[in-house]
1. For the stretch 204-224, which residues satisfy the criterion of being more than 24 Å from GLU121 (Cα to Cα) and either charged (D, E, K, R) or open to solvent by 20 Å² or more (accessible area, probe 1.4 Å) (or both)?
2. Can you work out which of the residues in the stretch 117-141 that are of a type in the set (Val, Ile, Thr) and outside any strand (DSSP E or B) is nearest to ILE107 (Cα to Cα)?
3. Take the stretch 240-271 and flag every residue that is charged (D, E, K, R), touching a Lys or Arg at 6+ places or on another chain (Cβ under 8 Å) and not in a strand (DSSP E or B).
4. Can you tell me how many residues within the stretch 128-145 are open to solvent by 40 Å² or more (accessible area, probe 1.4 Å) and under 14 Å from ASP91 (Cβ atoms)?
5. When the stretch 272-299 is examined, which residues are found to be outside any helix (DSSP H, G or I) and either over 16 Å from LYS116 (Cα atoms) or open to solvent by 80 Å² or more (accessible area, probe 1.4 Å) (or both)?
6. Residue check, LYS237 against (1) surrounded by fewer than 13 Cβ atoms within 10 Å (Cβ to Cβ); (2) within 21 Å of the chain's Cα centre (by Cα); (3) not in a strand (DSSP E or B), all met but one. Which one?
7. I'd like the full set of residues that are assigned to a loop (DSSP other than H, G, I, E, B), more than 21 Å from PHE222 (Cβ to Cβ) and not aliphatic (A, V, I, L, M), limited to the stretch 142-186.
8. Among the candidates ASN75, ASN110, which residue alone is on the phi > 0 side of the Ramachandran plot, open to solvent by less than 60 Å² (accessible area, probe 1.4 Å), modelled with pLDDT of 85 or more and not hydrophobic (A, V, I, L, M, F, W, C)?
Amino acid sequence: MIQFDEKIYFYLLAIVPIMALAFFFLQIWKKRTQKRFANAKLMKRLAPNRSSFKSALKLAFLLAGLSFLILGLVNPKIGTKLETVKREGVDIVFAIDVSKSMLAEDIAPNRLEKAKRIVSEIINQLASDRIGIIAYAGQAYPQLPITTDYGAAKMFLQSMNTDMLSSQGTAINAAIDLASTYYDDSQQTNRVLFIVSDGEDHSESSTITSVENAVQNGIRIFTIGVGKEKGAPIPLKRNGIVESLKKDNEGEVVITRLNETILADIADRGNGEYIDGSNTDAAVEYIKEQLNRMDKTEFEAKQFAEYKDQFQWFLAAGFLFLFLDIFILDRKTQWLKKLNLFNEHGDA
(Lines give C-alpha, C1' and ligand atoms only; values in the text may rest on other atoms or scores of the structure.)
Protein backbone atom coordinates (compact mmCIF):
# COMPACT_ATOMS: atom_id res chain seq x y z
CA MET A 1 0.00 0.00 0.00
CA ILE A 2 1.35 3.43 -0.97
CA GLN A 3 0.59 6.78 0.64
CA PHE A 4 1.67 10.27 -0.40
CA ASP A 5 2.55 12.87 2.24
CA GLU A 6 2.33 16.05 0.15
CA LYS A 7 0.13 15.42 -2.88
CA ILE A 8 0.06 19.12 -3.73
CA TYR A 9 3.58 18.83 -5.17
CA PHE A 10 2.23 16.61 -7.96
CA TYR A 11 1.15 19.86 -9.65
CA LEU A 12 4.82 20.71 -10.14
CA LEU A 13 5.05 17.84 -12.63
CA ALA A 14 3.29 20.16 -15.08
CA ILE A 15 6.73 21.77 -15.50
CA VAL A 16 8.00 18.66 -17.32
CA PRO A 17 5.74 18.75 -20.43
CA ILE A 18 6.03 22.57 -20.55
CA MET A 19 9.83 22.35 -20.68
CA ALA A 20 9.66 19.57 -23.29
CA LEU A 21 7.39 21.69 -25.50
CA ALA A 22 9.61 24.75 -25.01
CA PHE A 23 12.65 22.70 -26.10
CA PHE A 24 10.77 21.39 -29.16
CA PHE A 25 9.78 24.87 -30.34
CA LEU A 26 13.26 26.19 -29.56
CA GLN A 27 14.77 23.57 -31.86
CA ILE A 28 12.35 24.54 -34.64
CA TRP A 29 13.27 28.21 -34.19
CA LYS A 30 17.00 27.39 -34.23
CA LYS A 31 16.72 25.38 -37.45
CA ARG A 32 14.79 28.14 -39.20
CA THR A 33 17.26 30.77 -38.00
CA GLN A 34 20.22 28.66 -39.14
CA LYS A 35 18.66 28.15 -42.58
CA ARG A 36 18.43 31.91 -43.00
CA PHE A 37 22.07 32.26 -41.95
CA ALA A 38 23.61 29.40 -43.95
CA ASN A 39 22.74 26.05 -45.53
CA ALA A 40 23.14 22.75 -43.68
CA LYS A 41 26.47 21.93 -45.34
CA LEU A 42 28.01 25.25 -44.33
CA MET A 43 26.63 25.00 -40.79
CA LYS A 44 28.31 21.59 -40.43
CA ARG A 45 31.60 23.12 -41.42
CA LEU A 46 31.15 26.07 -39.03
CA ALA A 47 30.17 23.84 -36.07
CA PRO A 48 31.55 20.36 -36.84
CA ASN A 49 31.57 19.18 -33.25
CA ARG A 50 28.03 20.14 -32.27
CA SER A 51 25.77 17.15 -31.50
CA SER A 52 22.00 17.51 -31.92
CA PHE A 53 21.47 14.15 -30.20
CA LYS A 54 23.23 15.26 -27.03
CA SER A 55 20.95 18.29 -26.69
CA ALA A 56 17.95 15.98 -26.53
CA LEU A 57 19.81 13.62 -24.17
CA LYS A 58 20.67 16.50 -21.83
CA LEU A 59 17.02 17.57 -21.79
CA ALA A 60 15.90 14.01 -21.03
CA PHE A 61 18.28 13.81 -18.06
CA LEU A 62 17.17 17.25 -16.85
CA LEU A 63 13.47 16.36 -17.03
CA ALA A 64 14.06 12.97 -15.38
CA GLY A 65 16.02 14.67 -12.59
CA LEU A 66 13.30 17.25 -11.97
CA SER A 67 10.58 14.56 -12.03
CA PHE A 68 12.36 12.45 -9.41
CA LEU A 69 13.02 15.50 -7.21
CA ILE A 70 9.32 16.42 -7.33
CA LEU A 71 8.35 12.85 -6.43
CA GLY A 72 10.79 13.12 -3.54
CA LEU A 73 8.91 16.23 -2.32
CA VAL A 74 5.64 14.27 -2.51
CA ASN A 75 7.30 11.66 -0.25
CA PRO A 76 5.74 8.31 -1.20
CA LYS A 77 5.40 5.92 1.75
CA ILE A 78 5.05 2.16 1.57
CA GLY A 79 3.18 0.15 4.17
CA THR A 80 5.47 -2.60 5.36
CA LYS A 81 3.17 -4.43 7.76
CA LEU A 82 -0.42 -5.65 7.53
CA GLU A 83 -2.14 -5.80 10.90
CA THR A 84 -5.64 -6.59 12.15
CA VAL A 85 -7.44 -3.83 14.01
CA LYS A 86 -10.83 -3.48 15.70
CA ARG A 87 -13.17 -0.95 14.10
CA GLU A 88 -16.79 0.09 14.54
CA GLY A 89 -19.04 1.00 11.69
CA VAL A 90 -21.68 0.09 9.15
CA ASP A 91 -21.34 -2.03 6.04
CA ILE A 92 -22.31 0.13 3.06
CA VAL A 93 -22.69 -0.91 -0.57
CA PHE A 94 -23.12 1.62 -3.37
CA ALA A 95 -24.94 0.34 -6.47
CA ILE A 96 -24.35 2.86 -9.27
CA ASP A 97 -26.36 2.91 -12.47
CA VAL A 98 -24.04 2.95 -15.53
CA SER A 99 -26.70 2.55 -18.23
CA LYS A 100 -26.66 4.89 -21.23
CA SER A 101 -29.48 6.99 -19.76
CA MET A 102 -26.97 8.19 -17.16
CA LEU A 103 -25.25 10.19 -19.93
CA ALA A 104 -28.20 12.62 -20.02
CA GLU A 105 -27.07 16.14 -19.18
CA ASP A 106 -30.19 17.44 -17.45
CA ILE A 107 -28.01 17.65 -14.33
CA ALA A 108 -24.47 18.96 -14.73
CA PRO A 109 -22.15 17.66 -16.03
CA ASN A 110 -24.24 14.51 -16.57
CA ARG A 111 -26.11 12.03 -14.39
CA LEU A 112 -23.26 9.55 -14.04
CA GLU A 113 -20.66 12.16 -13.09
CA LYS A 114 -23.14 13.60 -10.60
CA ALA A 115 -23.68 10.13 -9.11
CA LYS A 116 -19.93 9.56 -8.80
CA ARG A 117 -19.47 12.92 -7.11
CA ILE A 118 -22.21 12.20 -4.58
CA VAL A 119 -20.71 8.81 -3.68
CA SER A 120 -17.22 10.31 -3.46
CA GLU A 121 -18.45 13.00 -1.07
CA ILE A 122 -20.22 10.39 1.07
CA ILE A 123 -16.98 8.41 1.30
CA ASN A 124 -15.19 11.58 2.45
CA GLN A 125 -17.61 11.75 5.40
CA LEU A 126 -17.00 8.17 6.56
CA ALA A 127 -14.64 7.27 9.37
CA SER A 128 -14.51 3.53 10.00
CA ASP A 129 -17.35 2.07 7.94
CA ARG A 130 -16.74 -0.62 5.34
CA ILE A 131 -17.80 0.09 1.77
CA GLY A 132 -18.33 -1.83 -1.45
CA ILE A 133 -19.21 -0.71 -4.99
CA ILE A 134 -21.39 -2.31 -7.66
CA ALA A 135 -21.92 -1.14 -11.24
CA TYR A 136 -25.12 -2.14 -12.96
CA ALA A 137 -27.03 -1.67 -16.20
CA GLY A 138 -28.73 -4.66 -17.84
CA GLN A 139 -26.74 -6.77 -15.38
CA ALA A 140 -24.79 -6.11 -12.20
CA TYR A 141 -21.02 -6.25 -11.93
CA PRO A 142 -18.98 -6.32 -8.69
CA GLN A 143 -16.66 -3.32 -8.85
CA LEU A 144 -15.16 -3.42 -5.35
CA PRO A 145 -15.84 -5.88 -2.50
CA ILE A 146 -16.44 -4.72 1.07
CA THR A 147 -13.31 -2.90 2.25
CA THR A 148 -12.02 -0.12 4.48
CA ASP A 149 -9.66 1.12 1.77
CA TYR A 150 -11.36 4.40 0.81
CA GLY A 151 -8.53 5.32 -1.56
CA ALA A 152 -9.11 2.18 -3.62
CA ALA A 153 -12.86 2.82 -3.55
CA LYS A 154 -12.41 6.28 -5.06
CA MET A 155 -10.07 4.94 -7.70
CA PHE A 156 -12.60 2.31 -8.82
CA LEU A 157 -15.38 4.86 -8.59
CA GLN A 158 -13.69 7.29 -10.97
CA SER A 159 -13.04 4.55 -13.53
CA MET A 160 -16.74 3.75 -13.90
CA ASN A 161 -18.37 4.60 -17.25
CA THR A 162 -21.33 3.61 -19.41
CA ASP A 163 -19.19 1.38 -21.65
CA MET A 164 -18.01 -0.96 -18.90
CA LEU A 165 -21.03 -3.27 -19.25
CA SER A 166 -22.03 -4.66 -22.63
CA SER A 167 -25.55 -5.53 -21.48
CA GLN A 168 -27.64 -2.37 -21.61
CA GLY A 169 -30.93 -1.66 -19.90
CA THR A 170 -31.50 -1.02 -16.21
CA ALA A 171 -31.93 -4.06 -13.95
CA ILE A 172 -32.11 -2.72 -10.40
CA ASN A 173 -33.06 -6.20 -9.17
CA ALA A 174 -29.68 -7.56 -10.34
CA ALA A 175 -27.88 -4.86 -8.34
CA ILE A 176 -29.87 -5.65 -5.18
CA ASP A 177 -29.31 -9.42 -5.55
CA LEU A 178 -25.56 -8.92 -6.02
CA ALA A 179 -25.37 -6.50 -3.09
CA SER A 180 -26.95 -9.14 -0.84
CA THR A 181 -23.88 -11.34 -1.40
CA TYR A 182 -21.48 -8.59 -0.30
CA TYR A 183 -22.26 -8.72 3.39
CA ASP A 184 -20.55 -11.19 5.73
CA ASP A 185 -23.16 -13.37 7.42
CA SER A 186 -20.71 -14.26 10.19
CA GLN A 187 -20.58 -10.60 11.27
CA GLN A 188 -23.95 -9.09 12.18
CA THR A 189 -23.19 -5.52 11.11
CA ASN A 190 -25.77 -2.96 10.11
CA ARG A 191 -26.19 -3.30 6.36
CA VAL A 192 -27.01 -0.41 4.07
CA LEU A 193 -27.45 -0.33 0.31
CA PHE A 194 -27.46 2.95 -1.62
CA ILE A 195 -28.87 2.73 -5.13
CA VAL A 196 -27.78 5.75 -7.18
CA SER A 197 -29.86 5.95 -10.34
CA ASP A 198 -32.26 7.92 -12.54
CA GLY A 199 -34.93 5.35 -11.69
CA GLU A 200 -35.38 3.78 -15.11
CA ASP A 201 -36.04 0.12 -14.31
CA HIS A 202 -36.73 -2.60 -16.86
CA SER A 203 -37.36 -5.25 -14.23
CA GLU A 204 -39.92 -3.70 -11.88
CA SER A 205 -41.70 -6.92 -10.87
CA SER A 206 -38.42 -8.72 -10.14
CA THR A 207 -37.15 -5.68 -8.26
CA ILE A 208 -39.93 -5.92 -5.67
CA THR A 209 -39.00 -9.55 -4.94
CA SER A 210 -35.31 -8.63 -4.66
CA VAL A 211 -36.10 -5.80 -2.23
CA GLU A 212 -38.17 -8.13 -0.03
CA ASN A 213 -35.34 -10.69 0.05
CA ALA A 214 -32.82 -7.99 0.93
CA VAL A 215 -34.96 -6.74 3.81
CA GLN A 216 -35.19 -10.30 5.17
CA ASN A 217 -31.38 -10.35 5.15
CA GLY A 218 -31.27 -7.20 7.30
CA ILE A 219 -30.41 -4.77 4.49
CA ARG A 220 -31.80 -1.23 4.47
CA ILE A 221 -32.12 0.25 1.00
CA PHE A 222 -31.76 3.96 0.33
CA THR A 223 -32.20 5.37 -3.16
CA ILE A 224 -30.57 8.52 -4.54
CA GLY A 225 -32.18 10.05 -7.62
CA VAL A 226 -30.04 11.86 -10.22
CA GLY A 227 -31.67 13.69 -13.11
CA LYS A 228 -34.77 15.78 -13.75
CA GLU A 229 -38.39 14.71 -14.17
CA LYS A 230 -38.75 16.80 -17.34
CA GLY A 231 -36.06 14.60 -18.89
CA ALA A 232 -33.34 15.08 -21.48
CA PRO A 233 -31.99 13.34 -24.61
CA ILE A 234 -29.00 10.99 -24.42
CA PRO A 235 -26.01 12.48 -26.26
CA LEU A 236 -23.71 10.08 -28.10
CA LYS A 237 -20.22 11.52 -28.04
CA ARG A 238 -16.89 10.77 -29.65
CA ASN A 239 -13.74 12.37 -28.25
CA GLY A 240 -15.95 14.61 -26.14
CA ILE A 241 -17.93 15.94 -29.13
CA VAL A 242 -21.65 15.19 -29.54
CA GLU A 243 -22.16 13.27 -32.80
CA SER A 244 -25.84 12.46 -32.41
CA LEU A 245 -28.67 11.81 -29.96
CA LYS A 246 -29.85 8.33 -29.06
CA LYS A 247 -32.96 7.29 -31.00
CA ASP A 248 -35.49 4.48 -30.64
CA ASN A 249 -36.45 1.89 -33.29
CA GLU A 250 -38.85 4.37 -34.92
CA GLY A 251 -36.10 6.95 -35.31
CA GLU A 252 -37.44 9.23 -32.58
CA VAL A 253 -35.03 10.90 -30.14
CA VAL A 254 -35.15 9.12 -26.78
CA ILE A 255 -36.01 11.34 -23.81
CA THR A 256 -34.95 9.83 -20.50
CA ARG A 257 -36.62 11.07 -17.31
CA LEU A 258 -35.94 10.74 -13.61
CA ASN A 259 -38.47 8.28 -12.19
CA GLU A 260 -38.77 9.28 -8.55
CA THR A 261 -41.85 7.09 -8.06
CA ILE A 262 -39.94 3.84 -8.59
CA LEU A 263 -36.99 4.96 -6.48
CA ALA A 264 -39.24 6.13 -3.63
CA ASP A 265 -41.17 2.83 -3.75
CA ILE A 266 -37.93 0.80 -3.57
CA ALA A 267 -36.71 2.86 -0.60
CA ASP A 268 -40.06 2.57 1.16
CA ARG A 269 -40.17 -1.22 0.74
CA GLY A 270 -36.49 -1.41 1.73
CA ASN A 271 -36.98 0.37 5.10
CA GLY A 272 -34.92 3.27 3.80
CA GLU A 273 -35.62 6.66 2.26
CA TYR A 274 -35.53 8.32 -1.14
CA ILE A 275 -33.00 11.14 -1.41
CA ASP A 276 -32.99 13.85 -4.08
CA GLY A 277 -29.46 14.01 -5.47
CA SER A 278 -29.82 17.34 -7.32
CA ASN A 279 -28.12 19.20 -4.45
CA THR A 280 -24.93 17.28 -3.61
CA ASP A 281 -24.16 19.01 -0.31
CA ALA A 282 -27.70 18.64 1.02
CA ALA A 283 -27.89 14.98 -0.01
CA VAL A 284 -24.51 14.12 1.52
CA GLU A 285 -25.32 15.94 4.75
CA TYR A 286 -28.64 14.11 5.08
CA ILE A 287 -27.00 10.73 4.42
CA LYS A 288 -24.31 11.53 6.99
CA GLU A 289 -27.01 12.18 9.59
CA GLN A 290 -28.76 8.91 8.74
CA LEU A 291 -25.56 6.89 9.06
CA ASN A 292 -24.64 8.56 12.36
CA ARG A 293 -27.99 7.48 13.83
CA MET A 294 -27.33 3.82 13.06
CA ASP A 295 -25.79 1.52 15.62
CA LYS A 296 -22.16 0.78 14.94
CA THR A 297 -20.97 -2.82 15.06
CA GLU A 298 -17.43 -3.84 15.95
CA PHE A 299 -15.57 -5.82 13.31
CA GLU A 300 -12.04 -6.79 12.44
CA ALA A 301 -10.27 -5.13 9.53
CA LYS A 302 -6.79 -5.50 8.08
CA GLN A 303 -4.83 -2.38 7.33
CA PHE A 304 -1.26 -1.43 6.54
CA ALA A 305 0.85 0.00 9.33
CA GLU A 306 4.44 1.17 9.80
CA TYR A 307 4.66 3.23 6.65
CA LYS A 308 8.25 3.98 5.67
CA ASP A 309 9.44 7.08 3.83
CA GLN A 310 10.77 6.48 0.33
CA PHE A 311 11.66 10.07 -0.60
CA GLN A 312 15.41 9.44 -0.31
CA TRP A 313 15.43 7.07 -3.31
CA PHE A 314 13.70 9.62 -5.53
CA LEU A 315 15.97 12.43 -4.39
CA ALA A 316 19.04 10.28 -5.06
CA ALA A 317 17.81 9.42 -8.56
CA GLY A 318 16.96 13.07 -9.20
CA PHE A 319 20.42 14.34 -8.20
CA LEU A 320 22.05 11.55 -10.24
CA PHE A 321 20.25 12.60 -13.43
CA LEU A 322 21.03 16.28 -12.79
CA PHE A 323 24.68 15.36 -12.18
CA LEU A 324 24.80 13.50 -15.50
CA ASP A 325 23.13 16.44 -17.24
CA ILE A 326 25.87 18.80 -16.01
CA PHE A 327 28.71 16.63 -17.28
CA ILE A 328 27.24 15.80 -20.69
CA LEU A 329 28.48 18.41 -23.16
CA ASP A 330 26.84 19.46 -26.41
CA ARG A 331 30.03 18.56 -28.28
CA LYS A 332 30.43 15.23 -30.03
CA THR A 333 32.17 12.36 -28.29
CA GLN A 334 34.96 11.14 -30.51
CA TRP A 335 34.51 7.40 -29.95
CA LEU A 336 30.75 7.68 -30.50
CA LYS A 337 31.47 9.74 -33.59
CA LYS A 338 33.44 6.83 -35.03
CA LEU A 339 30.70 4.30 -34.20
CA ASN A 340 28.01 6.55 -35.78
CA LEU A 341 25.32 4.82 -33.68
CA PHE A 342 22.63 7.33 -34.55
CA ASN A 343 23.33 7.51 -38.27
CA GLU A 344 24.22 11.19 -38.00
CA HIS A 345 27.23 10.93 -40.37
CA GLY A 346 29.56 11.78 -37.55
CA ASP A 347 27.04 13.80 -35.51
CA ALA A 348 27.51 11.94 -32.17
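1. First, pick out the residues of the stretch 204-224 that are more than 24 Å from GLU121 (Cα to Cα): 204-218.
Selection gives GLU204, SER205, SER206, ILE208, THR209, GLU212, ASN213, VAL215, GLN216, ASN217, GLY218.
2. Of all residues in the stretch 117-141, those of a type in the set (Val, Ile, Thr) come to 118-119, 122-123, 131, 133-134.
Cutting the leftovers down to outside any strand (DSSP E or B) gives us 118-119, 122-123.
Numbers: ILE118: 13, VAL119: 16, ILE122: 19, ILE123: 21 Å.
Among those residues, the one meeting the criterion is ILE118.
3. Initially, the stretch 240-271 is screened for residues charged (D, E, K, R), giving 243, 246-248, 250, 252, 257, 260, 265, 268-269.
Subsequent filtering for residues that are touching a Lys or Arg at 6+ places or on another chain (Cβ under 8 Å) retains 243, 246, 257.
Matches in the stretch 240-271: LYS246, ARG257.
4. Step one: list which residues in the stretch 128-145 are open to solvent by 40 Å² or more (accessible area, probe 1.4 Å), which gives 139, 141-142, 145.
Going one step further and asking which of them are under 14 Å from ASP91 (Cβ atoms), we end up with 145.
Count: 1.
5. Initially, the stretch 272-299 is screened for residues outside any helix (DSSP H, G or I), giving 272-279, 294-299.
Matches in the stretch 272-299: GLY272, GLU273, TYR274, ASN279, MET294, ASP295, LYS296, THR297, GLU298, PHE299.
6. (3)
7. Of all residues in the stretch 142-186, those assigned to a loop (DSSP other than H, G, I, E, B) come to 148-149, 159-171, 181-186.
Checking which are more than 21 Å from PHE222 (Cβ to Cβ) leaves us with 149, 159, 161-169, 185-186.
ASP149, SER159, ASN161, THR162, ASP163, SER166, SER167, GLN168, GLY169, ASP185, SER186, listed by residue number.
8. On the way: ASN110 fails: on the phi > 0 side of the Ramachandran plot.
Going through ASN75, ASN110 in turn, just one is on the phi > 0 side of the Ramachandran plot, open to solvent by less than 60 Å² (accessible area, probe 1.4 Å), modelled with pLDDT of 85 or more and not hydrophobic (A, V, I, L, M, F, W, C): ASN75.
The values are calculated or read from the model by the stated rules, or taken from the named source; none is laboratory data. Everything numeric here is computed off the predicted structure, so don't read it as measured data. A quick note on method: Cβ atoms are made from the backbone with ideal geometry, for glycine too, and the neighbour counts reach across all protein chains shown. These area figures cover heavy atoms from the full protein model, side chains too; ligands, DNA and RNA do not enter into them. Shrake-Rupley method; radii C 1.70, N 1.55, O 1.52, S 1.80 Å.
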